[in-house]
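All of the numbers you see were taken from the coordinates with simple rules; none came from a lab. Bear in mind that the values here come from a model prediction, so they are computed numbers and not experimental data. We place every Cβ from the backbone using ideal geometry, glycine too, and count neighbours over all the protein chains shown.
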Amino acid sequence: MSSLRTHDDTWDIATSVGSTAVMVAAARAVETDSPEALISDPYAKLLVANAGTGVWETLLNEALIDKLESVDPEIAAVYHHMRNYQAVRTHFFDAYFAAAVDAGIRQVVILASGLDSRAYRLDWPAGTTVYEIDQPKVLAYKETTLAAHDVTPSVPRRAVAIDLRQDWPTALIGAGFDPAAPTAWLAEGLLMYLPADGQDRLFEQITALSAPGSRIAAETAANHADERRQEMSERFKKVAEQIGLEQTVDVQDLIYHDENRAAVSEWLNGHGWRATAQHSTDEMRRLNRWVNVPMGDDAQAFAEFVTAVRS
Ligand SMILES: C[S@@+](CC[C@H](N)C(=O)[O-])C[C@H]1O[C@@H](n2cnc3c(N)ncnc32)[C@H](O)[C@@H]1O
């Protein structure tokens, strides 16, 4: 269940689920500017600055994080964790795409692409086409903002402006997607915004469109215990008030906390894919980016990065 969602809700970049794209882009902007950055997303800052959702920008501001440290050090740790997590996640899926194109795949589909700028910033081989699917206003915001700053995609990019709960396969094929060619799919920052049955349906649709040799990478929806989630939300609200931050949306209210959600790697392994899962906490430790956070001992509270190849 999610308290703010409906089966056909829509949004733009500044509202509801659209604004979460700004949150993760803000984390990429901070990482890009930090010493020893794991990733480089030179367009993230620009995309965040023009999105009109100041709260995310503010939350990723060093001075504010310092202020947070004095008010509630555990909540400050959560912010450090979030920045590190986004850096590690982006790094992982950048490497996934590099391996996919090394293996000869030239068709890429980024689901719920939000402010993902991979079509603009990654070094794709000639002949690659990148399809991006997201709600119309989200894609329009990214395109117009980047175009206004003369930023152009490095390969052909086809925007498929449609909700992933609608008939997106028809729209994707209409945009030129070839189901007979192997594809590299990505579902990053998406599954938690779909109900459990919507997640199954999405993977069924992807599977039907995936020629042998196709690959998929997905970030799983983490599962926080109800009580813990409630407690953290209350603390966030209190801290926001204390440091004078206007909290426009509580991301937890946008997420479907469905307990019966299928485990992604198991689902894929049962439906014609060979899947492996890397726990994000292990990947964060491997890259020296782990920060101790209140739920740090609860593996289920953190996502897995799943990759799979279609047999
Ligand atoms: C947290 S952001 C992640 C964006 C991007 N994948 C990234 O990692 O930067 C979530 C994105 O999912 C998109 N999204 C969520 N549910 C969707 C749906 N049903 N149809 C289309 N897009 C959806 C939102 O519009 C938003 O851009």
Selection of GluC sites (Glu not before Pro), region 215-311, meeting DSSP coil and at most 13 other Cβ within 10 Å | E246, E259
Highest GNM mean-square fluctuation, the chain, Cα pairs closer than 10 Å: which of D12, D253, D102?
-> D102
When only Cα pairs under 8 Å and 6 or more residues apart are kept, what is the percent relative contact order across the chain?
-> 21 percent
Toy charge model, Lys and Arg Cβ at +1, Asp and Glu Cβ at -1: region 17-310 dipole around Cα centroid in debye, rounded to 20, equals 840 debye
Out of all DSSP beta bridges with both ends in region 17-310, state the antiparallel percent to the nearest 5.
-> 40 percent
Under a 10 Å cutoff between Cα atoms, tell me which one of V17, V249, V108 has the largest fluctuation in the Gaussian network model of the chain.
-> V249
Among T307, S280, N292, whose Cα lies farthest out toward the positive end of the dipole of region 268-311, if unit charges sit on the beta carbon of Lys, Arg (+1) and Asp, Glu (-1)?
-> T307
Of S70, S210, S19, the most mobile residue in a GNM of the chain (C-alpha springs, cutoff 10 Å) is S70
Could you tell me which of the pairs K45/K237; K67/K238; K142/K237 are separated by over 18 angstrom between their Cα atoms in the structure shown?
-> K45/K237; K142/K237
Rounded to whole Hz, the Karplus (6.51, -1.76, 1.60) HN-Hα couplings of region 74-90, x for glycine and proline = 6, 5, 4, 4, 5, 5, 4, 4, 4, 4, 5, 4, 5, 5, 5, 4, 4
